[in-house]
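Q: Attaching a single structure in structure tokens format; questions to follow.
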Amino acid sequence: MTASKAKTLSSLFKTAVKKATKESSSLPSGDKPLKQFVLSLDTSSAPSSSPSTSSGSFRIRSPQPTKNPANDGSLQSWLLQPASTSENSIGGFTDELHSILCTGPAESSKDIEKMMDNGSSLGRVLNIPWLSNASNYNISFRRKELSRERKQKWVFKKTQSGRFNRLIKMCGDKLGTKATIEFFDKMGRDTGLKEYNALIAVCLEKARTSNDEDDALEHMSEAFKTFKKMRERGFQVEEGTYGPFLMYFIDMGMVEEFFFFCGPIKEGNPSSVTRLGYYEMLLWIGVNNEEKIQELCNCIVAADEEDDFKLKENYLLALCESGRKDIMQLLEVIDITRISSVNVAANIFESLGRLSFDSFAEKFLWTLKNNDYKMADISRVIFSYVSAIPNLAVEDLFLKFKSLHMKFEITPSSASYEKLITYCCDLHKVHFALDIVDQMCEEGLSLSIEMLHSILHASEENYEYNLVRRIYSLIGCHNVKPTRETFRSMINLSVKMKDFNGAYAMLDDLKKLNIPPTSTIYNTILAGYFRESNISGAMMVLKQMESEDVKPDSHTYSYLIANCNCEEDITKYYKAMMAAGIQVTKHIFMALINAYTACGQIEKAKQVVLDKGIPFNSLNEIKGALASALACSGMMPDALNIYKEIKQNGGTLEPKPVISLIEHFTSEGDVNILVQLLEELHDPDYWFDGCCRAVVHCVTNKHLRLALELLKQLKVEFHKDDLALDAVFDEVFSVIAERQPNDLQIGLALLQAMKDELGLTPSRKSLDFLLASCVNAKDLQSSLLIWREYQAAGLHCNVLTFLRMYQALLASGDPKSAKTLLTKIPTEDPHVRCIIKACQMTYVQSTSSKMKKQKVQKKNKTWNTTPMK
């Protein structure tokens, strides 16, 4: 949301406060605390500027305007100016906000009934029968399929809360918050605190990201109505509810609104007062009000009551999380042993590491050690401290971790080691993570199988498949009990490195542990054989499944169908699947599309997406598979028509089909479609891949201006990753080097734009490719230009550069310069001598042969024209 939107919302708050103040006398007597709160609001006069402590508690009041340039004058001016949105939107939002704060329970119940009566359109939506085609798609089978899909790949950090929040977000996006609550009621689920909090978070996120003022106000209105309904149902206002509201006000710089909202929070939950201090400190940090920040710190330095310490802790936590260096004042007086939890202590130590406050860190560690703090907790805060130290390599971090434990005579805990291993995996240091595992085992600490799962996952993500052997050895040496998922991951890595013997050895060990293999494990091996086009190996897997009485599942048949070479085999496997009672899943539909397309049966592939058994939520994904298959078969117009159909229906393509469309985009196509396709990619990795392919297409088809625009976007997105940008240009210049000689001018133009418009320096590999293009074009002047670019880029010429330039000079017809350059090339390496000889045979001898042939032709011409005597 922009500043103007924040002003509009602030103005509406102002109107609502005034309205609440005027009508406060009519509030029901049962809502006395709220009535007192509304009466205490006086927007025309400035309240007390400083927080005060009373009876050991901290009371947050509305702030007095200060002279800080960040919010003085301008803040008050836009708070008092009228809203700029439509009159209806303003009035509606103001009435809703006033209703939330001032409406009694009885009146609210009537409002709810009225809303339910008016929701005719919503009722029609919710009364639509779910899974109307249930006869074609068995519900219990679908549940099994979804369960199998979730187990197909190990996914980390997916908690129940995260899954539920994604469900709420999806429902909120499609139905709206009110309809979502009614939806849960219709499905027989009571709307609880978790549901309300998730819905409020959805509304606030929509308001935050909306570019339309009316739309943002509507979402804020929904958030407040949800908050109202939650209070009416008797739920206590906890931090999970009020925190998102306060963070929204903090991010938008709404100071008065922040304190306006704090009143009902304190009334509804008095125990939250000290926690509100955390948000207040974040507020003043957010608006850069240094005077208020210092004031809050000063007023509690001398306080020592329990509530005052909790407030002091929350202030310190806010300062630590914001990364401010002025926390030393609080660090001097804080009693680290009284910190409420190890999580808070870890945050404090993390800030000490980030700010390089080594003396405070050691002081606090000695204090914890001398006060009999738990060893495991001290080990954890040590990790939090060292992991936050800036510019510290993983190896140095581990040394620091070990040295601090030795200095304070603390034994590293298994939990700290696990955090360290996770830290290494996140930084793609999988080898070092395994070294830490070895260290743990040497110290006699327990090794959890979940830790090894995270390392296996990191190994796959980083394409270090060979590490599976080391992990397999660790399991055997340290008596770790592997699970079926452990074996599946290890077999998967073995197959990806084409070690099928190793995969089968692990499968035998799985059987020795009396863990029956599943179709998922066999499918992993089956897919590996098909990737290698080893049909006999794939058939052997099927025989083993039969001998082990492991029934093929839908994934098994999807692999078999997708790799069929003729229509007869497709029909055979499909009938076998139906006879086994396995229903058709989206993987089967996509396999059919790919198989029919590979067999040249394009019309039958198109007919697949018309099947009535396709689940609605899988239709776009299956259509995307058809678009990808058509693009790979050279039928780009048909593929783009499917893409346009999906967009017209409000759907989106999966990343892989989008990449396929970009990769096979034809030279006759409208290049603006490439830009549209890139907008479909939201994952950074997929977007990078797609953008690189689009740049190559533009350069290949001489759309240099669009290529530069895409390269500028790449530079913005990956400005911290020089290697990634170099890789893009290397790929582009390599394509130019492989094409016709007249493409050299495109390469030279791109090189100039790279330096002038993007401010980048070409890599050695890019210049090598350009020099190769000069060889193909036999262009002497361009060769000399590229030679000077090496020097301008600060790149010293190596043997390969000399050889390439020698070749360019010979190819361009300058043997004299080539002979001079030859004296600078070291010829001790026999391979170098071989390349030099090949260049001379290709260019020098062919040139001399050509000249000799021309002399003979000239001589013959002269003889033929001599008159006979």
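What follows is calculated from the coordinates using simple rules that are stated; it is not laboratory data. All values derive from a computational prediction rather than experimental measurement. Backbone-built Cβ (ideal geometry, glycine too); neighbour counts: all protein chains shown.
Q: At 0.36 nm per residue, minus the direct Cα-Cα distance, what do Asp670 and Leu723 gain on full extension? Give it in nm, one decimal, please.
A: Numbers: separation 53, 0.36 × 53 = 19.08 nm, distance 3.08 nm.
Between Asp670 and Leu723, full extension yields 16.0 nm more.
Q: Restricting things to Cα coordinates, could you compute the convex hull volume per residue of segment 689-772 in Å³? The partial results should precede the final answer.
A: Values: hull volume 6.7 nm³, N = 84.
For segment 689-772, the hull spanned by Cα atoms encloses 79 Å³ per residue.
Q: Calculate the FRET efficiency for Trp366 and Leu795 from the Cβ-Cβ distance with a Förster distance of 60 Å, rounded to the nearest 0.05.
A: Values: r = 52 Å, r/R0 = 0.87.
So, using R0 = 60 Å, E works out to roughly 0.70.
Q: Would you mind calculating the relative contact order of segment 335-447 from Cα pairs under 8 angstrom and at least 6 residues apart, reporting the percent as a whole number?
A: Working: 112 pairs, mean separation 26.6, N = 113.
Once divided by the residue count of segment 335-447, the mean separation gives 24 percent.
Q: Express in nm, to one decimal, how much length is gained between Lys194 and Arg739 on full extension, taking 0.36 nm for each residue of separation and deducting their alpha carbon distance.
A: Fully extending the segment from Lys194 to Arg739 adds 190.2 nm.
Q: Using every pair of alpha-carbon atoms in segment 581-664, split the distances into 5 Å bins beginning at 0 and state the percent of pairs per bin, rounded to integers.
A: Per 5 Å bin, starting at 0, the Cα pair percentages come out as 3, 17, 28, 27, 18, 5, 2, 0.
Q: With a 10 Å radius around each residue's Cβ, average the other Cβ atoms per peptide and rank 392-398, 675-681, highest first.
A: Highest to lowest by the protection proxy: 675-681, 392-398.
Q: Using a Förster radius of 25 Å, what is the FRET efficiency between Thr761 and Arg705 based on their Cβ-Cβ separation? Nearest 0.05, please. Intermediate results must be reported in sequence, preceding the final value.
A: Values: r = 22 Å, r/R0 = 0.87.
Efficiency, rounded to the nearest 0.05: 0.70.
Q: Related question: Sorted by mean Cβ packing within 10 Å, highest first, what order do the peptides 618-628, 200-210, 495-505, 571-581 take? Intermediate values should be presented prior to the final figure.
A: Working: 618-628: 23.1, 200-210: 20.0, 495-505: 17.1, 571-581: 14.0.
Packing order, densest peptide first, comes out as 618-628, 200-210, 495-505, 571-581.
Q: Now a separate question. On a full-extension model of 0.36 nm per residue, what is the gain between Ala393 and Ala576, subtracting their alpha-carbon distance, rounded to one decimal in nm?
A: Values: separation 183, 0.36 × 183 = 65.88 nm, distance 5.62 nm.
Gain on stretching Ala393 to Ala576: 60.3 nm.
Q: Could you compute the net charge surrounding Thr801? Neighbours are other residues with a C-beta less than 12 Å from the C-beta of Thr801; K and R count +1, D and E count -1. Walk me through the intermediate numbers first.
A: Numbers: positive: Arg764, Lys765, Arg804, Lys824; negative: Asp768, Glu789.
In short, +2.
Q: Write down the Kirkwood hydrodynamic radius of segment 552-604, to one decimal in angstroms, obtained as one divided by the mean of 1/r over all alpha carbon pairs. Write down the numbers at each step before the final one.
A: Numbers: mean 1/r = 0.0937 Å⁻¹.
So the Kirkwood estimate lands at 10.7 Å.
Q: Extent of segment 226-375 along each principal axis, from alpha carbon coordinates, in Å, largest to smallest?
A: So the three principal-axis extents are 50, 33, 26 Å.
Q: Using the Cα atoms of segment 217-278, I'd like the radius of gyration and the largest Cα-Cα distance, Dmax, both in angstrom.
A: 11.4, 32
Q: Over 14 Å apart: what share of the alpha carbon pairs of segment 773-825 falls there, rounded to a whole percent? Walk me through the numbers on the way to the answer.
A: On the way: 666 of 1378 pairs.
Cα-Cα pairs in segment 773-825 separated by more than 14 Å: 48 percent.
Q: Pop the C-beta distance of Ile535 and Tyr463 into the FRET formula with R0 = 35 Å and round what comes out to the nearest 0.05.
A: Numbers: r = 26 Å, r/R0 = 0.75.
Given R0 = 35 Å and the Cβ-Cβ separation, E is 0.85.
Q: Quick check on segment 202-252: take the gyration tensor over C-alpha atoms, sort the square-rooted eigenvalues as a ≥ b ≥ c, and tell me if it's rounded (a/c under 1.5), prolate or oblate. Don't jump to the answer; show the numbers that get you there.
A: Values: a/c = 3.30, a/b = 1.59, b/c = 2.07.
Verdict is oblate for segment 202-252.
Q: When averaged across all projection directions, what area in nm² does the alpha-carbon convex hull of segment 481-543 cover? Mind dumping the intermediate values first?
A: Values: hull surface 15.4 nm².
Seen from a random direction, the Cα hull of segment 481-543 projects 3.8 nm² on average.
Q: Here's another thing I want to ask about it. Please compute the Kirkwood hydrodynamic radius of segment 713-815 from all pairs of different C-alpha atoms, in Å with one decimal.
A: 13.8 Å
Q: Based on the Cα atoms of segment 338-468, what semi-axes does the equivalent ellipsoid have, where each is the square root of 5 times one gyration tensor eigenvalue, given in whole Å with the largest first? Please list the in-between numbers first.
A: Details: eigenvalues 145, 50, 31 Å².
With the √(5λ) rule applied to segment 338-468, the semi-axes are 27, 16, 12 Å.
Q: Where the eigenvalues come from the Cα gyration tensor of segment 476-601, what are the semi-axes √(5λ) of the equivalent ellipsoid, largest first, in whole Å?
A: Details: eigenvalues 168, 47, 27 Å².
Calculated on Cα positions only, the semi-axes equal 29, 15, 12 Å.
Q: Would you kindly work out the equivalent ellipsoid of segment 376-423 from its C-alpha gyration tensor and give its semi-axes, the square roots of five times the eigenvalues, largest first in whole Å?
A: Numbers: eigenvalues 49, 29, 15 Å².
Gyration-tensor ellipsoid for segment 376-423: 16, 12, 9 Å.
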